[in-house]
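K.L.:
Take a look at this one; I'll ask things after.
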Amino acid sequence: MNSIFWMVIQVVTIVAVMPFFDGIARIVRARMQSRKGPNSVFQTYLDIFKLLKRGGKTTPKYSHWFFRYAPFMLFAANAAILAALPITYSDNINAGAYADIFVIIYLGALARFIFGVASMDSGSPFAAIGGSREQMLAVFVEPVAIICLIVIMLLAKTSNLVVIQNLVREGVVGYQIPAFAVASIAFLWASYVETGRNPYDLAEAEQEVLEGVAGEYSGSDLAIVDVALMIKQVAMIGLFLSIFEPWNFTNPILALLVFIIEIGIFYVGATFIDNLGPRYKLLKGFKKNASFAFSVAFVALILYVVGV
């Protein structure tokens, strides 16, 4: 029960804080592109509140139920992933029944499924293309992430994230093991891609294609989808930190505070990669990098097999 309480606290706190970091990232991005951008770091809060005040206006009576309820399902799936990260309850091994790598993999697949189906169910060909694009992205990224997670589970001999964190903190598993170090490189790439950053996403692309089903919502529905996608970005970065850079704080409030600061640095720091890195077409970018990342992940698996 105590772990469930802290799961709720960490989700609520991170959801409340992330628009602030998003506001900073928007300002940084605008300045780097010589644009004025938002007037305040709280602009994302203002946008969300404005949308929420408008109510749900994107659910025409002829739409299918899946499309109508997709924002809530998307939010729930991504929030469940965030709750599964042992941020504030890393001293409770029993919480590993939920804070488990397999749970996160299945929830991630569920969130992607909801996004894809809702995109096609919207009836918009642009949204369908955006949804298909999201599924194509998974074809490139998920094999890399899965291989890395397999290496970690084999090294730790468990899929319990709480136990894995403790093993890394105690030095039983860590960067002194080549397979672990190499897997961290490939998994960092997969986490970055899942956050929807350049060159694997283009903010200047057609909104309908870029956002998939998100472009079909407005009002409170759009606000919920935006927050859900923001949670997904945090969860992907958080999963990397939970496994490869676990924090050494048993105090749940202090652990949550440190996690938020780390997430904020990653979130805003990725803006520099967005603007300073090269830009490719989606397939060209993946052809250039996905095969390399897959090779790195495969090398990590080989290193484990040969016992290096």
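K.L.:
If you take the residues in the stretch 18-29 that are open to solvent by 40 Å² or more (accessible area, probe 1.4 Å) and out of contact with any Pro (no Cβ under 8 Å at 6 or more places or on another chain), which one is nearest to ILE260 (Cα to Cα)?
P.N.:
Result: PHE20.
K.L.:
Determine which single condition SER90 fails, assuming it passes every other condition in (1) open to solvent by 20 Å² or more (accessible area, probe 1.4 Å); (2) not aliphatic (A, V, I, L, M); (3) not in a helix (DSSP H, G or I).
P.N.:
With (1) open to solvent by 20 Å² or more (accessible area, probe 1.4 Å); (2) not aliphatic (A, V, I, L, M); (3) not in a helix (DSSP H, G or I) applied to SER90, the lone miss is (1).
Quick grid of which residues meet (1) open to solvent by 30 Å² or more (accessible area, probe 1.4 Å); (2) more than 19 Å from MET153 (Cα to Cα); (3) modelled with pLDDT of 80 or more; (4) within 22 Å of the chain's Cα centre (by Cα):
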site	(1), (2), (3), (4)
GLY171	yes, no, yes, no
GLN176	yes, no, yes, no
PHE187	no, no, yes, yes
SER191	no, no, yes, yes
GLY196	yes, yes, no, yes
ALA203	yes, yes, no, yes
GLN207	yes, yes, no, yes
LEU210	yes, yes, no, yes
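K.L.:
Further question on the same structure: When you go through PHE102, PHE72 one by one, which is the residue that is within 19 Å of GLY219 (Cβ to Cβ) and under 18 Å from the mean Cα position of the chain (by Cα)?
P.N.:
Working: PHE102 fails: within 19 Å of GLY219 (Cβ to Cβ).
It is PHE72.
K.L.:
Could you say whether any residue in the stretch 117-126 is in a helix (DSSP H, G or I), farther than 25 Å from ILE231 by Cα and open to solvent by 40 Å² or more (accessible area, probe 1.4 Å)? Working first, answer last.
P.N.:
In the first step, residues of the stretch 117-126 are kept if they are in a helix (DSSP H, G or I); the result is 117-121, 125-126.
Narrowing the set further to residues that are farther than 25 Å from ILE231 by Cα leaves 125.
Then drop every residue that is not open to solvent by 40 Å² or more (accessible area, probe 1.4 Å), which leaves 125.
Looking for residues that are in a helix (DSSP H, G or I), farther than 25 Å from ILE231 by Cα and open to solvent by 40 Å² or more (accessible area, probe 1.4 Å), one finds at least one in the stretch 117-126, hence yes.
K.L.:
Now a separate question. What single numbered condition from (1) in a helix (DSSP H, G or I); (2) surrounded by 14 or more Cβ atoms within 10 Å (Cβ to Cβ); (3) at pLDDT 85 or above fails to hold for PHE49?
P.N.:
Going through (1) in a helix (DSSP H, G or I); (2) surrounded by 14 or more Cβ atoms within 10 Å (Cβ to Cβ); (3) at pLDDT 85 or above one by one, PHE49 breaks only (2).
K.L.:
Shifting gears a bit: Within the bounds of the stretch 8-17, is there any residue that is in contact (Cβ under 8 Å) with a residue 60 or more places away in the chain, touching a Pro at 6+ places or on another chain (Cβ under 9 Å) and in a helix (DSSP H, G or I)?
P.N.:
Yes, that holds for at least one residue.
K.L.:
LEU85 versus (1) assigned to a helix (DSSP H, G or I); (2) crowded, with 20+ Cβ neighbours inside 10 Å: which is the lone unmet condition?
P.N.:
All conditions are met except number (1).
K.L.:
Could you pull out the residue among ILE101, ILE105, ILE129, ILE114 that is within 27 Å of LEU149 (Cβ to Cβ), in contact (Cβ under 8 Å) with a residue 24 or more places away in the chain and surrounded by fewer than 20 Cβ atoms within 10 Å (Cβ to Cβ)?
P.N.:
Working: ILE101 fails: surrounded by fewer than 20 Cβ atoms within 10 Å (Cβ to Cβ); ILE129 fails: within 27 Å of LEU149 (Cβ to Cβ); ILE114 fails: surrounded by fewer than 20 Cβ atoms within 10 Å (Cβ to Cβ).
The unique qualifying residue is ILE105.
K.L.:
Given the options THR13, THR58, name the one that is modelled with pLDDT of 85 or more, hydroxyl-bearing (Ser, Thr, Tyr) and surrounded by 12 or more Cβ atoms within 10 Å (Cβ to Cβ). Before the answer, list the steps.
P.N.:
Details: THR58 fails: modelled with pLDDT of 85 or more.
The match here is THR13.
K.L.:
Sticking with this structure for a sec: Which of the residues belonging to the stretch 139-155 are over 18 Å from VAL306 (Cα atoms) and crowded, with 19+ Cβ neighbours inside 10 Å? Outline the logic, then answer.
P.N.:
Kept after step one, since they are over 18 Å from VAL306 (Cα atoms), are these residues of the stretch 139-155: 139-146.
PHE140, VAL141, VAL144, ALA145, listed by residue number.
K.L.:
Can you give me the number of residues within the stretch 156-169 that are part of a helix (DSSP H, G or I) and open to solvent by less than 30 Å² (accessible area, probe 1.4 Å)? Before you say what the answer is, go through the steps one by one.
P.N.:
If we filter the stretch 156-169 for residues that are part of a helix (DSSP H, G or I), which is where we start, we get 156, 161-169.
Adding the requirement that they be open to solvent by less than 30 Å² (accessible area, probe 1.4 Å) leaves 156, 161-162, 164-165, 168.
Looking only at that region, the number is 6.
The values are calculated or read from the model by the stated rules, or taken from the named source; none is laboratory data. Bear in mind the structure is a predicted one, so any value in this text is a computation, not a measurement. Because the Cβ atoms are built from the backbone with ideal geometry, glycine has one as well, and the counts that use them run over all protein chains shown. Side chains are part of the model used for accessible areas, which takes the heavy atoms of the whole protein and leaves out ligands, DNA and RNA. Shrake-Rupley method; radii C 1.70, N 1.55, O 1.52, S 1.80 Å.
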